[in-house]
């Protein structure tokens with residue numbers, strides 16, 4: 001692997017992955033970050049890299065659905081590996097506006113697969129990053145394995161399930177060298193503030209209400225984003241072509257308990273809020289449509305075949321995450337205010353497509 005193209009590399013998981021590649025792996029090649037910079041893509045996440053690694057890191061603003069432009073980039077930089085993170089990923093947004101999820105997650109993935117197929121022999125791996133939400137909802141017991149039947153329950157998870165099937169089909173039909181990973185809920189630095197953990201941190205810090213869907217007992221398996229990045233790199237090096245790997249943190253937790261833990265950590269670090277614990281801010285709201293009750297990942301396959309293990313427990317990872325948000329208030333304020341979108345327009349012109 002000499003030239004790695006990362007799609008969606010300015011987003012939460014993609015930017016943490018690129019940092020891991022340069023800071024922790026010993027990789028001496030080049031990373032091409034292809035990102036459209038829509039609402040959750042923030043070039044500030046990697047702003048310091050150029051000064052440290054020079055032209056080994058290249059940012060290109062572009063749309064994965066633009067076949068001609070993306071193909072030109074692959075050829076210009078002689079890309080030999082593609083790691084595909086780019087996706088619309090928020091369930092609530094998919095319920096309100098599903099069209100963009102179909103376009104980016106299905107059409108965009110298909111476009112990339114076509115381009116990789118056309119460059120057979122030069123591009124040696126296409127890794128597709130997916131989600132455990134494609135499996136639907138678990139009961140009170142059991143774990144998702146790589147052989148669990150798909151049962152998506154939201155437009156988001158349905159679009160990711162479709163893209164997974166396309167990736168498998170391109171391997172089976174055309175011999176495209178693919179691997180797929182389905183991960184549990186990620187959390188950590190640079191997470192866009194619409195997602196549960198950063199949203200709760202910021203609202204609790206400010207003393208705003210903390211909305212919790214339904215009874216708050218929906219269970220998720222939480223994966224620290226840097227553990228996820230290590231897993232993806234491990235699969236690029238050791239994963240078997242044509243195989244799917246589940247990646248989880250072995251950290252099942254009800255949503256309500258997550259919110260309570262964040263409140264307690266902020267009380268510990270900042271003191272009580274006007275003399276009262278932040279748990280008092282918790283407000284139960286009507287559950288969202290199609291809300292899966294429980295996800296839990298069995299990571300045995302990747303652990304057995306590659307030796308990867310999550311390094312963080314939920315307690316250690318959550319503490320690191322809360323501390324990061326408290327220490328990076330300027331980043332948070334710019335993201336919330338939209339100031340970084342003004343910076344994007346100044347640097348790169350108007351957005352390729354509106355959001």
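The values are calculated or read from the model by the stated rules, or taken from the named source; none is laboratory data. What you see is a predicted model, and the numbers here were worked out from it, not measured in a lab. Methodologically, a virtual Cβ is constructed for each residue, glycine included, from the backbone with ideal geometry; neighbour enumeration extends over all protein chains shown.
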- [ ] Determine which single condition residue 77 fails, assuming it passes every other condition in (1) buried (at least 16 other Cβ atoms within 10 Å of the Cβ); (2) closer than 23 Å to residue 130 by Cβ; (3) out of contact with any helix residue (DSSP H, G or I) (no Cβ under 9 Å at 6 or more places or on another chain).
- [x] (2)
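Those residues that are part of a strand (DSSP E or B) and touching a residue at least 60 places away in the same chain (Cβ under 8 Å), I need them from the stretch 123-143; list them, please.
125, 127, 129
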Open item on the list: Against the definition (crowded, with 23+ Cβ neighbours inside 10 Å and not in a strand (DSSP E or B)), how does residue 101 come out, yes or no?
Closed with: yes
Task: Within the stretch 260-289, considering residues that are surrounded by 15 or more Cβ atoms within 10 Å (Cβ to Cβ) and in contact with a strand residue (DSSP E or B) (Cβ under 6 Å, 6 or more places away or on another chain), the one farthest from residue 215 (Cα to Cα) - done: 281
Open item on the list: Criterion first (at pLDDT below 95, touching a strand residue (DSSP E or B) at 6+ places or on another chain (Cβ under 8 Å) and either crowded, with 20+ Cβ neighbours inside 10 Å or more than 18 Å from residue 230 (Cβ to Cβ) (or both)) does residue 89 satisfy it?
Closed with: yes
- [ ] Of the numbered conditions (1) touching a strand residue (DSSP E or B) at 6+ places or on another chain (Cβ under 9 Å); (2) buried (at least 17 other Cβ atoms within 10 Å of the Cβ); (3) more than 30 Å from residue 243 (Cβ to Cβ), residue 55 fails exactly one; give the number of that condition.
- [x] (2)
Open item on the list: Of the conditions (1) in a helix (DSSP H, G or I); (2) modelled with pLDDT under 95; (3) touching a helix residue (DSSP H, G or I) at 6+ places or on another chain (Cβ under 7 Å), residue 288 satisfies every one except a single condition; which number is it?
Closed with: (1)
Open item on the list: Every residue in the stretch 320-355 that is under 21 Å from residue 59 (Cα atoms), modelled with pLDDT of 85 or more and not in a helix (DSSP H, G or I), please.
Closed with: none
Task: Tally of residues being part of a loop (DSSP other than H, G, I, E, B), in contact (Cβ under 8 Å) with a residue 60 or more places away in the chain and crowded, with 20+ Cβ neighbours inside 10 Å across the stretch 297-317 - done: 3
